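Colleague: Take this structure, written in structure tokens, and hold onto it; I'll ask about it next.
The values are calculated or read from the model by the stated rules, or taken from the named source; none is laboratory data. Predicted model, so just to flag it, every value in this text is computed and none were measured. Here the Cβ is made from the backbone with ideal geometry for all residues, glycine too, and neighbour counts use every protein chain on show.
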Amino acid sequence: MTKQITYSPAYTLVPTYECFNRCTYCNFRVDPNQDNWLTVENSQSILLELQHQSVCEILILSGEVHPHSPRRKAWFQHIYNLCELALSMGFLPHTNAGILSFAEMETLKKVNASMGLMLEQITPKLLETVHRHSPSKLPSLRLQQLEWAGQLKIPFTTGILLGIGEKEEDSWHTLEVIAEIHKKWHHIQEVIIQPHQLGSKQTLEVSTFPIHKLPKMVAKAREILPNSITLQIPPNLITDPRCLLDCLEAGTRDLGGISPKDEVNPDYTHLSHQGLVDLLASQGWELVPRLPVYPHYYNSLSSSLQKVVNTWINNPQFQPMLSI
């Protein structure tokens, strides 16, 4: 019997790479005021080229402008405009832009099929090391964001990052807290189990996570989290094909949004679509596309989002998995 593993055909738009955080493992950011923001005009040109490529998800992935910066309002409006543009052109936006206020999240809900924020790790000891210069990595702020997403009924993706100086029990605790929040609000679609891999821009000199332990982490996460939450792994960061397949056997059921470029990990390219299909098929897995919002959350979407969702699920060239 063929087993199914899902993914979202995606493309990433980066409004800006600038970020006021300075995480030592980051391969994405540039300093504030050192980046030219992506224009709406350029975004429209990109999206026009994607309209006939079966791309359903537009990931709006942004560095963070400080909440007290005089440019914060313009930054947020720009993100909203890009989401609105993508939606008007038949795509489903998913925004991950770091810490947002309740009002910002409420506004973005109108034009986002789903949203996300990695918890990474909630142990406060990382504030003394990799997050020493990262004010928005305060665990209480990130947990508040998950709570607000629940209150607003936003379909949400979060996850843990492995290999940044945490202990194994720190990961278990972070997953337990995610489970508690989800049981309260029932809004978390996916939890990503992401191994940190060394990149060319970071200042952290080593990852502390042995990749061969990832299947064990996935299995433990499956024990901790409710079954209604799908476990996701990023396939480009698992460079050992055997390890990737073992993670599927351990409970992974999704490979996330697969875009031509992983903006957060630019040193790690994805396998070709056919290469991934062939690898999975070798162990009886079928790769199935899905939308960035799961079926049981459709009713929580705005009417404009539901209209685009219906267009996609009725498109004979796109067969999303409708019974996750």
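Colleague: Within the range 24-36, which residues are surrounded by 18 or more Cβ atoms within 10 Å (Cβ to Cβ) and either within 15 Å of A97 (Cα to Cα) or at pLDDT below 95 (or both)? Step through it out loud before you land on a result.
Modeller: Narrowing the range 24-36 to residues surrounded by 18 or more Cβ atoms within 10 Å (Cβ to Cβ): 25-29.
Within the range 24-36, C26, F28, R29 qualify.
Colleague: Those residues that are surrounded by 23 or more Cβ atoms within 10 Å (Cβ to Cβ) and either among the β-branched types (V, I, T) or within 16 Å of the chain's Cα centre (by Cα) (or both), I need them from the range 74-96; list them, please. Before the answer, list the steps.
Modeller: Initial filter on the range 74-96 (surrounded by 23 or more Cβ atoms within 10 Å (Cβ to Cβ)): 79, 82-83, 86, 91-95.
Selection gives I79, C83, L92, P93, H94, T95.
Colleague: Look through the range 47-65, keep the residues that are at pLDDT 95 or above and assigned to a loop (DSSP other than H, G, I, E, B), and return whichever of them is nearest to the chain's Cα centre (by Cα). If you could, list the steps in order and put the result at the bottom.
Modeller: Residues of the range 47-65 that are at pLDDT 95 or above, as a first pass: 47-50, 55-65.
Subset that is assigned to a loop (DSSP other than H, G, I, E, B): 55-56, 62-65.
Working: V55: 16, C56: 15, S62: 12, G63: 14, E64: 16, V65: 19 Å.
Taking the candidates together, the pick is S62.
Colleague: Count, please, the residues in the range 97-117 that happen to be charged (D, E, K, R) and either in contact with a strand residue (DSSP E or B) (Cβ under 6 Å, 6 or more places away or on another chain) or surrounded by 18 or more Cβ atoms within 10 Å (Cβ to Cβ) (or both).
Modeller: So the first thing to find is which residues in the range 97-117 are charged (D, E, K, R), and the list is 104, 106, 109-110.
Then drop every residue that is not either in contact with a strand residue (DSSP E or B) (Cβ under 6 Å, 6 or more places away or on another chain) or surrounded by 18 or more Cβ atoms within 10 Å (Cβ to Cβ) (or both), which leaves 104, 109.
Result for the range 97-117: 2.
Colleague: Are any residues in the range 222-241 under 18 Å from the mean Cα position of the chain (by Cα), outside any helix (DSSP H, G or I) and not hydrophobic (A, V, I, L, M, F, W, C), and if so, which ones? Outline the logic, then answer.
Modeller: Our first condition is that a residue be under 18 Å from the mean Cα position of the chain (by Cα); within the range 222-241, this holds for 225, 228-238.
With the extra rule that they be outside any helix (DSSP H, G or I), the set shrinks to 225, 228-234, 238.
Residues satisfying the conditions are S228, T230, Q232, P234.
Colleague: Would you confirm, using the coordinates I've provided, whether L50 is among the aliphatic types (A, V, I, L, M), in contact with a strand residue (DSSP E or B) (Cβ under 6 Å, 6 or more places away or on another chain) and closer than 25 Å to R142 by Cα?
Modeller: No; evaluated as a whole, the condition is false for this residue.
Colleague: Can I ask one more? Could you tell me which of the residues H94, H78, H131 is in a loop (DSSP other than H, G, I, E, B) and in contact (Cβ under 8 Å) with a residue 40 or more places away in the chain?
Modeller: On the way: H94 fails: in a loop (DSSP other than H, G, I, E, B); H78 fails: in a loop (DSSP other than H, G, I, E, B).
Unique residue meeting the criteria: H131.
Colleague: Here's another thing I want to ask about it. Any idea how many residues of the range 146-172 are part of a strand (DSSP E or B) and either free of Cβ contacts under 8 Å to residues at least 24 places away in the same chain or hydrophobic (A, V, I, L, M, F, W, C) (or both)? Spell out how you get there, then give the answer.
Modeller: Here is the first cut: in the range 146-172, the residues part of a strand (DSSP E or B) are 156-162.
Pick out the ones that are also either free of Cβ contacts under 8 Å to residues at least 24 places away in the same chain or hydrophobic (A, V, I, L, M, F, W, C) (or both) and you get 156, 160-162.
The total comes to 4.
Colleague: A149: touching a helix residue (DSSP H, G or I) at 6+ places or on another chain (Cβ under 8 Å) and either surrounded by 19 or more Cβ atoms within 10 Å (Cβ to Cβ) or hydroxyl-bearing (S, T, Y) (or both), yes or no? Spell out the reasoning first.
Modeller: Details: touching a helix residue (DSSP H, G or I) at 6+ places or on another chain (Cβ under 8 Å): yes; either surrounded by 19 or more Cβ atoms within 10 Å (Cβ to Cβ) or hydroxyl-bearing (S, T, Y) (or both): yes.
So A149 passes the test.
Colleague: Among S272, S304, S259, which is over 28 Å from R29 (Cβ atoms) and in contact (Cβ under 8 Å) with a residue 60 or more places away in the chain? Step through it out loud before you land on a result.
Modeller: Working: S272 fails: in contact (Cβ under 8 Å) with a residue 60 or more places away in the chain; S259 fails: over 28 Å from R29 (Cβ atoms).
Just a single option satisfies the conditions, and that option is S304.
Colleague: Looking only at the range 54-75, count how many residues are without any contact (Cβ under 8 Å) to a residue 12 or more places away in the chain and not hydrophobic (A, V, I, L, M, F, W, C). Steps first, please.
Modeller: Within the range 54-75, the subset without any contact (Cβ under 8 Å) to a residue 12 or more places away in the chain is 68, 70-74.
The next check asks that each one be not hydrophobic (A, V, I, L, M, F, W, C); those that pass are 68, 70-73.
Number satisfying all stated conditions: 5.
Colleague: A follow-up question, please. Is there any pair with a first residue in the range 275-287 that is over 9 Å from I5 (Cβ atoms) and a second that is loosely packed, with under 13 Cβ neighbours inside 10 Å and of a type in the set (V, I, T) whose Cβ atoms are under 9 Å apart and which are 6 or more apart or on different chains, and what are they?
Modeller: Listed by first residue and then by second, the contacts come to A281/T2; G284/T2.
Per-residue answers, yes or no, for (1) surrounded by fewer than 18 Cβ atoms within 10 Å (Cβ to Cβ); (2) charged (D, E, K, R):
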{"site": "V206", "(1), (2)": "yes, no"}
{"site": "P210", "(1), (2)": "yes, no"}
{"site": "E223", "(1), (2)": "yes, yes"}
{"site": "T230", "(1), (2)": "no, no"}
{"site": "A250", "(1), (2)": "no, no"}
{"site": "I258", "(1), (2)": "no, no"}
{"site": "E263", "(1), (2)": "yes, yes"}
{"site": "H273", "(1), (2)": "yes, no"}
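Colleague: Here's something else I'd like to know. Within the range 277-293, count every residue that is more than 25 Å from I188 (Cα to Cα), assigned to a loop (DSSP other than H, G, I, E, B) and touching a helix residue (DSSP H, G or I) at 6+ places or on another chain (Cβ under 7 Å). Can you show your working first?
Modeller: Let us first name the residues in the range 277-293 that are more than 25 Å from I188 (Cα to Cα), namely 277-284.
Filter again for assigned to a loop (DSSP other than H, G, I, E, B), leaving 282-284.
Restricting the remaining residues to those that are touching a helix residue (DSSP H, G or I) at 6+ places or on another chain (Cβ under 7 Å) gives 283.
Of the residues in that region, 1 qualify.
Colleague: Looking only at residues that are touching a helix residue (DSSP H, G or I) at 6+ places or on another chain (Cβ under 8 Å) and farther than 15 Å from E263 by Cα in the range 38-64, which one is surrounded by the most Cβ atoms within 10 Å (Cβ to Cβ)?
Modeller: Just the residues of the range 38-64 that are touching a helix residue (DSSP H, G or I) at 6+ places or on another chain (Cβ under 8 Å), to begin with: 38, 40, 43-44, 47, 56, 58, 60, 62, 64.
Narrowing the set further to residues that are farther than 15 Å from E263 by Cα leaves 40, 43-44, 47, 56.
Details: V40: 14, S43: 21, Q44: 14, L47: 20, C56: 28.
That would be C56.
Colleague: While we're looking at this one, here's another question. With in contact (Cβ under 8 Å) with a residue 60 or more places away in the chain, part of a helix (DSSP H, G or I) and not aromatic (F, W, Y) as the only criterion, which of L248, L244 stands out? Quick ask: steps written out before the conclusion?
Modeller: Working: L244 fails: in contact (Cβ under 8 Å) with a residue 60 or more places away in the chain.
Criteria check complete, one pass: L248.
Colleague: Do you know which of the residues in the range 12-31 that are among the hydroxyl-bearing types (S, T, Y) and part of a loop (DSSP other than H, G, I, E, B) is farthest from E128 (Cα to Cα)? Talk me through it step by step, then tell me what you get.
Modeller: First, pick out the residues of the range 12-31 that are among the hydroxyl-bearing types (S, T, Y): 12, 16-17, 24-25.
Now drop any that are not part of a loop (DSSP other than H, G, I, E, B), which leaves 16-17, 24-25.
Working: T16: 27, Y17: 24, T24: 12, Y25: 14 Å.
For the range 12-31, the residue satisfying everything is T16.
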